[in-house]
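Enquirer: Quick one: this structure, given as structure tokens, is what I'll be asking you about.
The values are calculated or read from the model by the stated rules, or taken from the named source; none is laboratory data. Everything numeric here is computed off the predicted structure, so don't read it as measured data. Cβ placement follows ideal geometry from the backbone for every residue including glycine, while neighbour counts extend to all protein chains displayed. SASA here: full protein model, heavy atoms, side chains in, ligands and nucleic acids out. Shrake-Rupley method; radii C 1.70, N 1.55, O 1.52, S 1.80 Å.
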Amino acid sequence: MAEAAGVAAEFFASNRARAARAVLDQVVLPGEELLLPEQEDGEGPGGAGERPLRLNAGARSRVRVVCGPGLRRCGDRLLVTKCGRLRHREPGGGGGGVYWVDSQQKRYVPVKGDHVIGIVTAKSGDIFKVDVGGSEPASLSYLAFEGATKRNRPNVQVGDLIYGQFVVANKDMEPEMVCIDSCGRANGMGVIGQDGLLFKVTLGLIRKLLAPDCEILQEVGKLYPLEIVFGMNGRIWVKAKTIQQTLILANILEACEHMTADQRKQIFSRLAES
């Protein structure tokens, strides 16, 4: 809180944009404008080469910057929309890389392309209403399943768990889900089985578990045979052979967010011995 208050006082006192490279891994506030260096200006950080990002600069600008969560394009500017720490990932083949704001947000905001776990709450004609944990339910057509036709309708009931992805998600339209990929295949999406346990965790823990270098899932997989589904909306569905094993796995995943690597190793070793 003290760090965020200090940043707020500094920002409103100066009331001007800050260089993105100078505030990496630091707290940024909604409304701030970021300055990103252009590639053709070969000057060091803080020099005259740092200018407000021009996203529509035409052929002159050779920097391609990807805006992640917490950042928004407003004309030719890049604005911060969430309070959190500014992160940056270097590009693989040139360009400006990816910038995003790492925040401890509790409520999920639908994003196009996100894979989520939803609960069917109602059926209205040919549309299912799905609760995804956002501000409003998402719509799911009965034709958005693999092999679904007007005669061959999917067996979806109120209360079923659905694993799908968003194809429409913006602030002006109702979110829309599908359970097929671009090739019309289910690819693991659809109705989740009746057994198992569904529980909710923070959005930050979901991103941590889905990271390519996450060791938690590797250790959990060594304990018991299991089936697990992660939703970017903070929901996890897990199923093991017995109810006791399922509850143990759920408790481990919930507690891993606030444990260090050494504490996780101790717990996994104790469970392996027992």
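Enquirer: Quick check, is L86 farther than 23 Å from G133 by Cβ and modelled with pLDDT of 50 or more?
Expert: Working: farther than 23 Å from G133 by Cβ: yes; modelled with pLDDT of 50 or more: yes.
Yes.
Enquirer: Pull up region 189-205, narrow it to residues that are modelled with pLDDT under 90 and under 29 Å from Y142 (Cβ atoms), then point me to the one that is most open to solvent (accessible area, probe 1.4 Å).
Expert: In the first step, residues of region 189-205 are kept if they are modelled with pLDDT under 90; the result is 193-195, 202-205.
Add one more test, that the residue is under 29 Å from Y142 (Cβ atoms), and what stays is 193-195.
On the way: G193: 43, Q194: 150, D195: 96 Å².
Only one residue fits best here, namely Q194.
Enquirer: To continue, here is another question. Restricting to region 237-274, and then to whatever is β-branched (V, I, T) and without any contact (Cβ under 8 Å) to a residue 40 or more places away in the chain, can you tell me which residue is least open to solvent (accessible area, probe 1.4 Å)? Lay out the reasoning, then the answer.
Expert: As a first pass, look at region 237-274 and keep what is β-branched (V, I, T): 238, 242-243, 246, 248, 252, 260, 267.
Remaining after also requiring without any contact (Cβ under 8 Å) to a residue 40 or more places away in the chain: 242-243, 248, 252, 260, 267.
On the way: T242: 66, I243: 132, I248: 43, I252: 15, T260: 77, I267: 58 Å².
The selected residue is I252.
Enquirer: In region 212-229, which residues are without any contact (Cβ under 8 Å) to a residue 60 or more places away in the chain and closer than 17 Å to H115 by Cα?
Expert: First, the residues of region 212-229 that are without any contact (Cβ under 8 Å) to a residue 60 or more places away in the chain: 212-228.
Of everything in region 212-229, those that are without any contact (Cβ under 8 Å) to a residue 60 or more places away in the chain and closer than 17 Å to H115 by Cα turn out to be P212, E227, I228.
Enquirer: Would you check which residues across region 119-140 are open to solvent by less than 50 Å² (accessible area, probe 1.4 Å) and in contact with a Phe, Trp or Tyr (Cβ under 8 Å, 6 or more places away or on another chain) and list them?
Expert: Residues satisfying the conditions are V120, A122, F128, V132, G133, G134, A138, S139, L140.
Enquirer: So, of the residues in region 98-118 that are at pLDDT below 85 and hydrophobic (A, V, I, L, M, F, W, C), which turns out to be least open to solvent (accessible area, probe 1.4 Å)? Show your work before the answer.
Expert: At the first step, the residues of region 98-118 found to be at pLDDT below 85 are 98-100, 102-107.
Filter once more, so that each one left must be hydrophobic (A, V, I, L, M, F, W, C): 98, 100.
Working: V98: 30, W100: 79 Å².
Ranking the candidates gives V98 first.
Per-residue answers, yes or no, for (1) over 19 Å from the mean Cα position of the chain (by Cα); (2) closer than 14 Å to V158 by Cα:
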| position | (1), (2) |
| --- | --- |
| G97 | no, no |
| D102 | no, no |
| R107 | no, no |
| D114 | no, no |
| I119 | no, yes |
| G125 | yes, yes |
| S135 | no, no |
| L143 | yes, no |
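Enquirer: Has region 52-74 got at least one residue that is modelled with pLDDT of 85 or more, over 18 Å from R21 (Cα atoms) and outside the structural domain of A17 (by the TED database)?
Expert: Among the residues of region 52-74, not one is modelled with pLDDT of 85 or more, over 18 Å from R21 (Cα atoms) and outside the structural domain of A17 (by the TED database), which makes the answer no.
Enquirer: A follow-up question, please. Of the residues in region 141-185, how many are touching a Lys or Arg at 6+ places or on another chain (Cβ under 6 Å) and open to solvent by less than 20 Å² (accessible area, probe 1.4 Å)?
Expert: Counting residues in region 141-185 that are touching a Lys or Arg at 6+ places or on another chain (Cβ under 6 Å) and open to solvent by less than 20 Å² (accessible area, probe 1.4 Å) gives 2.
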